[in-house]
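Report on the structure given below.
The values are calculated or read from the model by the stated rules, or taken from the named source; none is laboratory data. These numbers were taken from a predicted model, which means no experiment stands behind them. Here the Cβ positions follow ideal geometry from the backbone for every residue, glycine too, while neighbour counts run over all protein chains shown. Heavy atoms of the whole protein, side chains included, go into the accessibility calculation; ligands, DNA and RNA do not. Shrake-Rupley method; radii C 1.70, N 1.55, O 1.52, S 1.80 Å.
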Amino acid sequence: MNPLRPLRALIKDIRPEAEGVKTYTISIESSFVPAPGQFNMLGFPGVGEAPISLSSILYNGCFDHTIKSVGRVTGFLDNLKNGDGIFVRGPYGRGWPVKEAEGMDILLIAGGVGLAPIRPIIQTILSRKKSFGSVSLIYGARDEKNILYTDEFKEWEDRISLYPTVDEVLDKKMWKYNVGLVTELLDKVKIRAERTIAFVCGPEIMMRFVCRGLLMNRISQSKIYVSLERRMKCGIAQCGHCQHNGLFVCKDGPVFSYKEVKGLPDGML
Ligand SMILES: Cc1cc2nc3c(=O)[nH]c(=O)nc-3n(C[C@H](O)[C@H](O)[C@H](O)COP(=O)(O)OP(=O)(O)OC[C@H]3O[C@@H](n4cnc5c(N)ncnc54)[C@H](O)[C@@H]3O)c2cc1C
């Protein structure tokens with residue numbers, strides 16, 4: 001089948017998540033087997049397409065996308081309702097190295113909407129916790145209104161070590177977690193460097209400092225994974241928009257080891 005042919009999909013549910021951010025539950029008629037960290041091209045004829053990470057594993061034939069409305073396509077999606085149709089191409093790209101993470105301690109670090117592509121890995125871990133060592137999630141957002149998936153925190157807290165943090169608190173009485181940068185929380189996690197694998201997703205400036213912190217904690221460059229965002233049109237390494245130094249973010253990534261992408265000419269890592 002033509003890999004560029006979009007498939008019809010149906011919006012089954014829409015949940016407001018944070019300021020300008022919604023989670024869409026989507027069903028698709030064709031067989032669809034996404035891996036944590038992969039993305040879809042979502043779009044509508046006449047509007048355009050945008051790459052969006054899967055924010056859940058497949059459940060009851062559905063999957064989630066968590067989308068921040070920032071422009072043409074995402075703004076269009078923001079106006080859709082339950083039962084509306086959209087078009088999906090995917091799943092594309094190389095996701096998180098789940099197999100490699102088995103048996104290891106896992107350190108998940110996310111900033112803002114960067115928690116979306118981390119959520120399927122949390123769900124995978126929770127579904128077979130015994131396959132992994134200790135699991136910690138450090139998650140930072142601008143303020144508590146911008147924290148995603150708060151209704152899932154209770155379950156996560158019961159089963160993994162959760163370290164939420166915000167840059168500033170709007171209501172001190174309601175916020176029981178940390179205030180400050182995600183990098184400051186690295187000191188709170190007991191890191192056993194030789195058996196730790198780290199998955200990082202967020203604004204690139206955040207990932208830059210997080211990677212530095214992880215390296216200072218002696219985690220190997222090949223055990224630090226980041227998910228990169230670049231402008232892309234096709235999603236299948238044809239258009240070349242997202243290509244850097246011979247790497248296509250759409251096909252070789254979006255998940256790369258730090259070792260693969262440190263020093264990319266356009267990058268901050
Ligand atoms: C692999 C991958 C996964 C992603 N996953 C998610 C996700 O899970 N959730 C999510 O919310 N987002 C995600 N994104 C980001 C998302 O793809 C973009 O926000 C989206 O492309 C915006 O599309 P748009 O048409 O709505 O915005 P656009 O209309 O394209 O505008 C978006 C912003 O970019 C600016 N802009 C427009 N054109 C250009 C240009 N040529 N050069 C520079 N800046 C420009 C605009 O001014 C605006 O500020 C992901 C991106 C990638 C690459």
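Listed values, structure above:
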read-out: Which listed residue, of Ile52, Ile57, is within 9 Å of the ligand (Cβ to nearest atom), closer than 28 Å to Leu108 by Cβ and open to solvent by 10 Å² or more (accessible area, probe 1.4 Å); value: Ile52
read-out: Residue list for the stretch 207-223, filter: open to solvent by 60 Å² or more (accessible area, probe 1.4 Å) and not in a helix (DSSP H, G or I); value: Arg218
read-out: Test result for Arg218, away from the ligand (no atom under 16 Å from the Cβ) and on the phi > 0 side of the Ramachandran plot; value: yes
read-out: Residues (more than 16 Å from the ligand (Cβ to nearest atom), open to solvent by 20 Å² or more (accessible area, probe 1.4 Å) and within 22 Å of Arg195 (Cα to Cα)) located in the stretch 73-125; value: Pro97, Val98, Lys99, Glu100, Glu102, Gly103, Met104
read-out: Enumeration of residues in the stretch 227-251 that are farther than 24 Å from Gly112 by Cα, open to solvent by less than 80 Å² (accessible area, probe 1.4 Å) and either part of a loop (DSSP other than H, G, I, E, B) or not assigned by TED's automatic domain parsing to the domain that holds Val189 (or both); value: Cys234, Ile236, Ala237, Cys239, Gly240, Gly246
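So that you can scan it fast, the table gives a plain yes or no per residue for (1) at pLDDT below 95; (2) in the same structural domain as Lys22 (by TED's automatic domain parsing); (3) farther than 20 Å from Pro97 by Cβ; (4) surrounded by 13 or more Cβ atoms within 10 Å (Cβ to Cβ):
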site: Leu148; (1), (2), (3), (4): no, no, yes, yes
site: Lys176; (1), (2), (3), (4): yes, no, yes, no
site: Phe199; (1), (2), (3), (4): no, no, no, yes
site: Ile205; (1), (2), (3), (4): yes, no, yes, no
site: Tyr225; (1), (2), (3), (4): no, no, no, yes
